[in-house]
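In what follows, a structure is listed as structure tokens, so that the remarks can point back to it.
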Amino acid sequence: MRTFVIAAAAVAALTLSSTTFGQQQSGGTADEAKAMLVKAVAAVKADKVKALDMFNKGEGGFKDRDLYVFCANTGDGKIVAVLSNPNAKQLIGTDTRSLKDSTGKAFGEELYAGEQKPEGQFTEVTYLFPRPGVDPTPVKKVSLVTRVGDLGCGVGYYP
């Protein structure tokens, strides 16, 4: 009986640890988000129109699990790229500054402020937002944003 209990406990521990490990690895990391943003900045500098099209389609490595690029005009704050997240498609044309999370936090103002800083400077903004393709329930998200010419672009991850 003791051997059975020990074996059952070992199986349960292995099952739970692999489940937990799998969940932790299912989303993008902070380093992967930053790498995607750096790649996005280079793409915008090379060809802005083509880059925005790739961002919206999630092509060219700009959609990886729950990582995707979003961009807005730095002048009027209008969102121009976010279509690769099915939970955010309705945000195209919305003024970034008007965005609030489910707790009422005006994270859009923080994103916009980060997009106004000098090129090459990254700003981190934390808020609640639905994970793409998983569940429309808002969860903690951390986005890195930066300015690229007349655009502010970002990539967020779900810690």
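Rule-based calculations on the coordinates, nothing more; no lab input. In this text the structure is predicted, and so the values were computed from the model without any measurement. Positions of Cβ are generated from backbone atoms using ideal geometry, with glycine treated the same way; all protein chains shown enter the neighbour counts.
Overview of values
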item	result
Qualifying positions in segment 134-159 - of a type in the set (Gly, Ala, Ser) and surrounded by fewer than 14 Cβ atoms within 10 Å (Cβ to Cβ)	Gly149
Yes/no for Gly120 being loosely packed, with under 14 Cβ neighbours inside 10 Å and closer than 21 Å to Leu37 by Cα	yes
Qualifying position, being closer than 20 Å to Asn56 by Cα and β-branched (Val, Ile, Thr), among Thr126, Thr103, Thr137, Thr94	Thr94
Residue among Arg147, Arg97, Arg131 that alone is in contact with an Asp or Glu (Cβ under 9 Å, 6 or more places away or on another chain), within 18 Å of Ala30 (Cα to Cα) and of a type in the set (Lys, Arg)	Arg131
